[in-house]
Amino acid sequence: MYFFFFYPVGTDAPKQGRGIGTYLLVTTLLAVYLIRTLSPITYGTLVGASFFPDHPTWRGAFLSLFLHGSWMHLIGNGLYLAIFGRQLESRLGFPLLALVFVAGGVAGCWSQLLVTDPTSRLFHIPVIGASGGVAALLGATLLRFHHQRVRVAWVLLALLGGITKGGATFVPTFVAIAFWFALQIVQGLVAWGNGGANTAYGAHAGGFLTGIALAILFGLPAGVRREVHRERGRRHFERGDWWAAIGELSRHLEIVPDDDESAAMRARAYVVLGQIGDASTEYLRLFRDARQAEDVERTAELYRQMRLYAIPTNLTESGLLKLAYLLRKGGHRREAAQAFLEIVNRYPDGPKAEIASIRRAELLWELGETEDALLEYERLLASHPESDWRELAEGRVDSIRALTGRSDSPPTSGNRSPSATPASPARSAIGPRRSRNRSEA
């Protein structure tokens, strides 16, 4: 004798939104079921007002959607609702998601009425549970997300052979849902031939078909075209199939040219393949657009990636200073410090070098990177002996030396020119600093 159980435990779809509406529905199902524990009489009254095939009502069909016969019944429906509802909510929004859920549940009750034999005992017992609403979500998911995959946990029990196997695997959404629907039809026909069953397979089928109809009405299949190549490209990228990823992402960007996330993914694939020219073109466009939109998070992320792949920003001294201030204002102090360093290294004699050096040193001091801060302060003292920030820099140097127990003297200018020997310690400090920045990238 064999038993096979499977349940969805997730999808491979990119995270979309927080799913607050979906979790509100799950919480509502749980809260209603808790009435059964807190007040069994009240719960019994609710069940008595639910959907009965022998006296069906629309109000009863709506109420039945939120009632369950056991904890396992509730957990199963809640799990499906949480996984597939959140995905749909990210595309439909909560009002339409709730409409699909409720319409599927109500339609499921009336579908169950159609397949229930009036002479059987099932004609006189209530049809309760969110299965019809969940089935509607599965129908809508089939049309909207058939290009993605569902992660399924499964268990196989062979009682006679003493064999137990289990695991989790990704299954194409189309295959998983089609298999589920076929299973409902087969089990429903078997139950019908045996005089019926306690599971409302007719409600499952009715809810599922309702979900498909509403998905078509809301135009959900049209959204697949905007995502199918992106999802394929993402999976190729994760497997390291770089050329295949670039091909799928390029096709996607022809349809959705403003998808910056996909463009950045394609740029990273270009880097791995050594196509630096194509990668630079992609990154520079994305970087420019993010800065113009003052999207600090996006700008910081792109700047990190460009530094990692040694792709120059091509910014002027003033442009780098604006970038550094933007990053600092947005809380990305480490990236801002790197932008200030880029000014000092690329434009050591420029009018912004002095301010960039002190700003970088102060950021490093705030980050607790005292050794790097010390090098930057010493650089400032040696390169700009008449700096307005000299007193601040000397105070910081003294503090750092006191903290670290170092006794070597900081560079001083006296009456010497900036090109005299005191500049040597600064040059020796700059060398290792540059090397360290490359290794950190």
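The values are calculated or read from the model by the stated rules, or taken from the named source; none is laboratory data. Fair warning: this is a prediction, and the values are worked out from it, not measured in the lab. Using ideal geometry, Cβ is built from the backbone for each residue, glycine included, and neighbour counts are taken over all protein chains shown. Just so you know, the surface numbers come from the protein's heavy atoms only, side chains and all, with ligands and any DNA or RNA stripped out. Shrake-Rupley method; radii C 1.70, N 1.55, O 1.52, S 1.80 Å.
Computed quantities for the displayed model
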read-out	value
Listed candidates [x] 137; [y] 224; [z] 150 - label of the one calculated as volume of the Cα convex hull per residue in Å³	[y]
Convex hull of region 180-296 built on C-alpha atoms - directionally averaged projected area, nm²	11.2 nm²
Percent accessible area from carbon and sulfur atoms, the chain, protein chains only, probe 1.4 Å	59 percent
Accessible solvent surface per residue of the chain, calculated while the other protein chains remain in place, 1.4 angstrom probe, Å²	50 Å²
Computed E for Asp117/Leu30 - FRET, C-beta separation, R0 41 angstrom, nearest 0.05	0.75
Förster radius 41 Å - calculated FRET efficiency between Asp278 and Glu371, Cβ distance, rounded to 0.05	0.60
Solvent-accessible surface (1.4 angstrom probe) belonging to Val134, in square angstrom, nearest 10	10 Å²
For region 128-160 and region 232-251, distance of Cα centres in Å	27 Å
Inter-centroid distance (Cα atoms) of region 257-315 relative to region 57-119, Å	45 Å
Distance between modelled label sites at Ala153 and Glu317, nm, 7 Å Cα→Cβ extension	6.1 nm
Rounded accessible area of Lys352 (nearest 10 Å², 1.4 Å probe)	70 Å²
Förster-model FRET efficiency, 51 Å R0, Asp12 and Glu386, C-beta, rounded to 0.05	0.25
Extension gain, Asp258 back to Leu217 (0.36 nm per residue minus Cα-Cα distance, nm)	12.1 nm
Geometric extent, Cα atoms of region 35-176 - Rg, Dmax (angstrom)	17.6, 50
Inter-probe distance in nm under a simple model that places probes 7 Å from Cα toward Cβ, at Arg401 and Arg59	8.7 nm
Net charge of Cβ neighbours under 14 Å - reference Ser280; Lys, Arg +1; Asp, Glu -1	+3
Length gained when the stretch Val186-Arg333 is fully extended (0.36 nm per residue, less Cα-Cα span)	46.8 nm
